[in-house]
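Note sheet for the following structure.
The values are calculated or read from the model by the stated rules, or taken from the named source; none is laboratory data. Predicted model, so just to flag it, every value in this text is computed and none were measured. Please note: Cβ atoms are built from the backbone with ideal geometry, for glycine as well, and neighbour counts cover all protein chains shown. Side chains included, ligands, DNA and RNA excluded: accessible areas come from the protein's heavy atoms. Shrake-Rupley method; radii C 1.70, N 1.55, O 1.52, S 1.80 Å.
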Amino acid sequence: MAVTECRKWLGLLAASLIAGNAAAAVLPEERADTMYHAYSGGGVTIDGPSVLVRKNIGNTVSLSANYYVDMISGASIDVQATASPYEEQRDEFSLGVDYLVDKTTMSLNYTNSSESDYQAETVGFGISQDFFGDLSNLSMRVSFGSDTVMRNDDNDFSDFAEHRRYSLGWSQILTTKLIAELSVETVSDEGFLNNPYRSVRYVNPATELGFSYQLERYPRTRNSDAVALRAKYMLPYRAAIKTEYRRYADSWGIDSDNLELRYTHPLEQENLILEGKLRFYKQNGADFYSDLFPYADASTFLARDKELSDFASTAIGIGASYQLPERWALFDRKNTLNLYWDYILFDYDDFRDVRVHNGDASILPGEEPSYSFNAHVVRLFWSMWF
């Protein structure tokens with residue numbers, strides 16, 4: 001259950017492949033997708049395959065199945081400071097059904113995720129409705145997740161985590177060239193919410209380095225709210241610009257802002273669609289986060305997860321989707337090859353690189369350089385429409 005920032009990025013970047021079409025009263029297209037994804041950065045490599053199949057039954061029912069694998073190896077900065085490199089694999093299975101009645105689409109999904117020290121199950125239900133001559137769409141979704149948390153080095157440790165997620169979205173066709181969407185989401189988490197392996201450090205003059213480690217300790221509840229505004233505009237030469245702004249806040253004191261810009265440019269004669277992306281993200285840290293606590297058990301809750309600190313990230317991405325000519329297409333169907341690459345730069349304001357003590361013991365605790373790293377994400381997939 002390690003490497004949360006890596007999985008978060010992979011999940012976001014693969015969402016367009018896994019997610020269904022819940023924003024309009026039409027069934028998703030029948031298709032099959034086979035994807036290879038890879039993340040490399042911060043001493044960690046994550047890669048694996050994903051297979052998605054969608055099939056319609058008549059004009060009212062759409063079934064989907066997805067298999068997704070994360071194979072993780074390496075050692076993040078947390079592991080390099082307190083533990084040894086590791087390898088693990090996460091397998092995820094998802095099943096979904098969409099049911100269309102007139103202008104209403106109802107969706108039911110089930111996901112099971114399994115790894116050596118974490119088991120997770122999620123059930124979700126959604127409904128969307130078109131209004132006003134199909135110019136407006138209202139969508140609602142609720143999901144419930146139940147997780148079991150374990151430790152590979154402690155057979156006696158076992159705990160739970162539960163997650164409830166509620167979302168509401170409104171999309172509107174404003175003009176023949178402009179579509180806008182507003183969405184809100186609230187999430188309630190309860191149970192064991194921290195990583196059972198991660199530690200915090202505190203000042204300890206009795207040690208050679210001047211600090212020691214103890215296990216993190218988080219609150220057992222967390223409530224968060226997010227609001228997002230999106231817009232897509234069709235340019236005169238058939239290209240499109242998409243923008244998104246998202247604001248997030250939670251009960252742990254974290255506030256974040258996310259701004260994303262996308263540009264899509266089709267080259268019809270070459271059967272090619274090009275895409276570019278720029279994303280900015282910034283957050284302030286949790287109330288109980290500290291890179292260096294003044295002493296052991298300095299507060300009720302303790303965290304040194306860099307994803308709960310003050311940090312910012314910038315991502316740039318490029319991609320291409322190529323529709324194969326009929327003479328190359330499999331089974332005489334529409335086939336596309338898709339390749340996307342993202343470069344992400346993470347910059348942490350209050351998370352310091354303790355690895356410098358391996359080469360220079362004269363550096364005082366809390367005066368280590370701030371940590372930063374870059375990551376590469378690649379997604380290569382083939383799609384075929386039935």
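Sorted by mean Cβ packing within 10 Å, highest first, what order do the peptides 136-144, 348-356, 85-93 take? Spell out each step's value before the answer.
Details: 136-144: 16.6, 348-356: 18.6, 85-93: 14.9.
The peptides rank, most packed first, as 348-356, 136-144, 85-93.
Rounded to the nearest Hz, the phi-derived 3J(HN,Hα) couplings of region 215-220 under the Karplus curve 6.51 cos²θ - 1.76 cosθ + 1.60 (θ = phi - 60°) are 5, 5, 8, 9, x, 9, where x marks glycine and proline. Between 186, 175, 336, the Gaussian network model of the chain with springs among Cα atoms under 10 angstrom shows the greatest mean-square fluctuation at 175. Comparing mean-square fluctuations of 177, 242, 277 from a GNM of the chain with C-alpha springs under 10 Å, the top value falls on 177. Expressed as a whole percent, the accessible area of the chain that falls on carbon and sulfur atoms is 58 (1.4 Å probe). Residue-wise HN-Hα couplings along region 50-56, as the Karplus relation 6.51 cos²θ - 1.76 cosθ + 1.60 with θ = phi - 60° gives them from phi, are 8, 10, 10, 10, 10, 9, 8 Hz; Gly and Pro carry x. For region 193-254, chymotrypsin sites (Phe, Trp or Tyr not before Pro) are listed when DSSP marks them as loop and at most 12 other Cβ atoms sit within 10 Å of their Cβ; the list is 237. Between the Cα long axis of helix 4-18 and the first principal axis of the chain there is an angle of about 10°, rounded to the nearest 10.
What does the charge count near residue 57 come to, summing +1 for each Lys or Arg and -1 for each Asp or Glu among other residues with Cβ under 13 Å from its Cβ?
Numbers: positive: 54, 55; negative: 30, 98.
It works out to a net charge of 0.
Ranking 315, 138, 289 by how far each Cα lies toward the positive end of the dipole of the chain (charges on Cβ) leaves 138 at the top. Rounded to whole numbers, the Karplus 3J(HN,Hα) couplings from phi for region 365-371 are x, x, 10, 5, x, 5, 8 Hz, using 6.51 cos²θ - 1.76 cosθ + 1.60 with θ = phi - 60°, and x at Gly and Pro. Build a GNM of the chain with springs between Cα atoms under 10 Å apart, and of 152, 258, 56 the one that fluctuates most is 152. Inverting the pair-averaged 1/r between distinct Cα atoms of region 282-386 gives 17.7 Å as its Kirkwood hydrodynamic radius. Ellipticity at 222 nm from helices only: DSSP H runs of n ≥ 4 in the chain, each -39500 (n - 2.57), divided by the residue count, give -1500 deg cm²/dmol. Between residue 350 and residue 270, take the C-beta separation as r, use R0 = 30 Å, and let me know the FRET efficiency to the nearest 0.05. The formula returns an efficiency of 0.05 here.
For the pair residue 102 and residue 318, a Förster radius of 41 Å applied to the C-beta separation gives a FRET efficiency near 0.50, rounded to the nearest 0.05. Working value for region 27-97: equivalent-ellipsoid semi-axes of 36, 10, 8 Å, each the square root of 5 times a Cα gyration tensor eigenvalue, largest first.
On a per residue basis, the chain carries 51 Å² of accessible surface, using protein heavy atoms and a 1.4 Å probe.
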